[in-house]
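A.B. asks: The structure follows.
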Amino acid sequence: MTDHNFWGLLDITYIYLGGLGVGAFFVSAMLLLLGRNDRTHFTVARYGAFLAFVAIVAGGILLPFELEHPFRAWRVYLNFAHGLRSPMFYGAWFLVIFGAISFFYALTFMRRGASAEDDLARGRKVLAWLGLAFGLCLGLYYGVLHASLAARPLWHSPVLPLMFLVSAYMSGAAGVLFLFAIFHRKNSDAEVEKRFVRRGHQLLAWILILAGIQAVLVFLYVLFANAFGSGDQSAAIQILLPGGAFATQFWLWAVVLGILVPIVLAASFGVSRAERAPVPWWVAVVVPLCVLIGGYVMRYDIIIAGQITHPMGL
Amino acid sequence: MKDSNSKPDISRRAFLGGGAAVTGAGAAAALGGGVANSAVEGGAKKHYVMVIDARRCYGVQACTVACKAEYKVPLGENRSWVEEIEKGNYPNVTRSFLPRLCNHCDEPPCVPVCPTGATFKRDEDGIVVIDKDVCIGCKSCIQACPYDQRFLNEDTHTADKCDFCIHRVSQGLQPACVEACPSRARIFGDLNDPDSEVSRLIATNKVSVLRPGYGTEPNVYYIGADHTGENDHYAEFSYVDVKTNRRFAERR
């Protein structure tokens, strides 16, 4: 089985970390832009800014190890003559641009005394908008890279880029919520603390919405391949359906643990108690862990199973 | 001056100014002493194709061995191989063979995905090649080929596959597999030449290509090929066994 895995754990981890970076930036930028000049928005946005940069750098460090000739990678960036049809050409540029944006964005939070109303506020917001745009491109690229390959019927689905993107945003929200749960200390000012509590519920609500969207996308992905796809696609998707080699881990880990458990917990402890009590500590830890593990397993299953399955007949 | 015995430079730059390698091929063929390939004589644009008459193939694997020897292909990999198909229920049984190699498609899916332009289709003869000095080993092209013809060469750490023996063809010789085949099941030539054997065979026989539904427009044509797949026993309710003779046990 492993004979076919030209793209293995390194690729999966790189794509996962890239997605986590894109998602963390998305959450950070949305909090910053929606929160106007609120201090609690700014504080939580800072977690996202740091997580985005760390994740994208970690993923970027892994990438050269996946290439057989990493010192020739510069050729990708200069290949304007022939690279315009290659998803990887765009992906390489998106990664560098988004990496640079996330670096400068994180830098604006690092300054001593940085606040929502400091003299960098305007530049920070410009970077937030740019990072949202390039993060969207990079988040979609990870799926497009696979979905563009007709020779891999399990990947060749228009739903896949959206699944990877939504999973990236979910992971980002989960990562920020996790950091918030670990590092946030109760504020002495009751009014400020009340707003911090709302931020926790806000993150949980975003995870709930994104997980709901992801559940629909998984359903559409399976439906399109199984019912409406080509013979090759419907043959390939059997590997994820009951009886298939990857069925148990896909449905149990990626769908139940990664999507359904967060939906149930977020609906139970997030939305319904939004104004009453803080998100319980264990929920703010368990939900992110479920999302992060589920997101990794989802990518693992699809990328590995996509290389095991192949066109049928000759 | 370029040594006529040296391997041709397969960089894009060499192609742009590289007509000389082709025009000198006729003379090189005489020196080479092999079967001259009339298709490469003259400066006209070529359209190299291979016709495989599967009725003539009896699975001796001479082509597989010749290819391995020609390129020192790493252990466990093949640029070309012969698959065996056994099917039917006694007494209606058949055993046939299907030689496989890169199809040098007119619409090769491996080319656009390459982020560096290392893999490309040559304008002058349609051969899909890999520039090993440019390939970064990202494996995109390996994933993009619907025939799984590409592999990662563990010696060069680049993508690898059949190149129609470009170093032989450019000197007027036949590809190694064609020359080694004892039953003349493989015929190589220029489809743009209406008098070539491949043109005649394609015009006078019912030919097929592999996985035409992928729109790749392959340039390897089969006569009398058995396209039965390993899963077709479900449909035919009869015994089907496909032996790939390749690292991958299942047919890809």
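A.B. asks: Helix-only estimate, please: 222 nm mean residue ellipticity of the protein assembly as shown, summing -39500 (n - 2.57) across DSSP H runs of length 4 or more and dividing by its residues, to the nearest 500. Don't jump to the answer; show the numbers that get you there.
C.D. replies: Values: 20 runs with 268 residues, N = 566.
For the protein assembly as shown, the value works out to -15000 deg cm²/dmol.
A.B. asks: Looking at the protein assembly as shown, send over the antiparallel percent of its DSSP beta bridges, to the nearest 5.
C.D. replies: Bridges in the protein assembly as shown are about 85 percent antiparallel.
A.B. asks: Fewest first, what order do A:E68, B:E154, A:E191 take by the number of other Cβ atoms within 10 Å? The partial results should precede the final answer.
C.D. replies: Numbers: A:E68 17, B:E154 12, A:E191 7.
With the sparsest Cβ surroundings first, the list reads A:E191, B:E154, A:E68.
A.B. asks: With only Lys, Arg, Asp and Glu charged, each at its Cβ (+1 for the first two, -1 for the last two), find how big the charge dipole of the protein assembly as shown is about the Cα centre; round to the nearest 20 debye.
C.D. replies: Once rounded to the nearest 20, the dipole reads 1600 debye.
A.B. asks: Checking the a/c ratio against 1.5 first, then a/b against b/c, what shape does the Cα gyration tensor give for segment B:96-252?
C.D. replies: oblate
A.B. asks: Give me the percent relative contact order of segment B:21-243, please, defined on Cα pairs under 8 angstrom at least 6 residues apart.
C.D. replies: It rounds to 31 percent for segment B:21-243.
A.B. asks: A further question follows. Order of A:V197, A:V44 from fewest to most other C-beta atoms within 10 Å?
C.D. replies: With the fewest neighbours first, A:V197, A:V44 line up as A:V197, A:V44.
A.B. asks: In segment A:27-80, which trypsin sites (Lys or Arg not before Pro) are in a loop and have at most 14 other Cβ atoms within 10 Å, using DSSP for the loop call?
C.D. replies: Listed in order of number, the matching sites are A:R36.
A.B. asks: Further, regarding this structure: For A:I302, what is the net charge nearby, where nearby means another residue's Cβ is under 14 Å from its Cβ and Lys, Arg count +1, Asp, Glu -1? Intermediate values should be presented prior to the final figure.
C.D. replies: Values: positive: A:R152, A:R299; negative: A:D11, A:D301.
Local charge sum for A:I302: 0.
A.B. asks: Projecting each Cα onto the charge dipole of the protein assembly as shown (Lys/Arg +1, Asp/Glu -1 at the beta carbon, about the Cα centre), which of A:N187, B:M50, B:P109 comes out farthest on the positive side?
C.D. replies: A:N187
A.B. asks: Same structure again: Give the aspartates and glutamates whose C-alpha is closer than 14 Å to that of B:K132, dropping any in the same chain fewer than 8 places away, or say none.
C.D. replies: Result set, ordered by chain and number: A:E68, B:D9, B:E154, B:D155, B:D160, B:D163.
A.B. asks: For a quick check: with amide H placed at 1.01 Å from N, whose amide H comes under 5 Å from B:Y221's, ignoring anything fewer than 5 positions away on the same chain?
C.D. replies: Under 5 Å from the amide H of B:Y221 lie the amide H atoms of B:M50, B:V51, B:I52, each far enough along the sequence or on another chain.
A.B. asks: Rank the residues B:K132, B:K161, B:K139, B:K72 as a footprinting-exposure proxy: fewest other Cβ atoms within 10 Å of their Cβ go first.
C.D. replies: B:K72, B:K132, B:K139, B:K161
A.B. asks: Dipole size in debye (nearest 20) for segment A:16-161 around its Cα centre, Lys and Arg Cβ +1, Asp and Glu Cβ -1?
C.D. replies: Working: 12 positive and 6 negative charges, 30 e Å.
Computed about the Cα centre, the dipole is about 140 debye.
A.B. asks: What relative contact order, as a whole-number percentage, does segment A:2-308 give when Cα pairs under 8 Å and 6 or more residues apart are counted? Write down the numbers at each step before the final one.
C.D. replies: Details: 446 pairs, mean separation 72.4, N = 307.
Answer for segment A:2-308 is 24 percent.
A.B. asks: Which residue fluctuates most in the GNM of chain A (Cα springs below 10 Å): A:A81, A:A100, A:A245?
C.D. replies: With Cα springs under 10 Å in chain A, the top fluctuation among A:A81, A:A100, A:A245 is at A:A81.
A.B. asks: OK, next. Evaluate the relative contact order of segment A:110-249 (contact order divided by residue number), counting alpha-carbon pairs under 8 angstrom at least 6 apart; express in whole percent.
C.D. replies: Result for segment A:110-249 is 21 percent.
A.B. asks: Among A:A190, A:A266, A:A116, determine the one that fluctuates most according to a GNM of chain A built with springs between C-alpha atoms less than 10 Å apart.
C.D. replies: Looking only at A:A190, A:A266, A:A116, the largest GNM fluctuation is found for A:A190.
A.B. asks: With +1 on the Cβ of every Lys and Arg and -1 on the Cβ of every Asp and Glu, and nothing else charged, how large is the dipole of segment A:69-127 about its Cα centre, in debye rounded to the nearest 20?
C.D. replies: With only Lys, Arg, Asp and Glu charged at Cβ, the dipole is about 200 debye.
A.B. asks: Out of all DSSP beta bridges with both ends in segment B:21-243, state the antiparallel percent to the nearest 5.
C.D. replies: 85 percent
A.B. asks: Further, regarding this structure: Specify whether the C-alpha gyration tensor of chain A places it in the rounded, prolate or oblate class, a ≥ b ≥ c being the square roots of the eigenvalues: rounded for a/c under 1.5, otherwise prolate if a/b is larger than b/c and oblate if not.
C.D. replies: oblate
A.B. asks: Further, regarding this structure: Rounded, prolate or oblate: which fits segment B:166-252, taking a ≥ b ≥ c as square roots of the Cα gyration tensor eigenvalues, rounded meaning a/c under 1.5, else prolate when a/b beats b/c?
C.D. replies: Prolate, since a/c reaches 1.5 and a/b exceeds b/c.
A.B. asks: Further question: Compute the signed sum of charges (Lys and Arg +1, Asp and Glu -1) over the other residues within less than 14 Å, Cβ to Cβ, of B:S199.
C.D. replies: Numbers: positive: B:K46, B:R200; negative: B:D190, B:D193, B:D195, B:E197.
Neighbourhood net charge equals -2.
All of the numbers you see were taken from the coordinates with simple rules; none came from a lab. All values derive from a computational prediction rather than experimental measurement. A quick note on method: Cβ atoms are made from the backbone with ideal geometry, for glycine too, and the neighbour counts reach across all protein chains shown.
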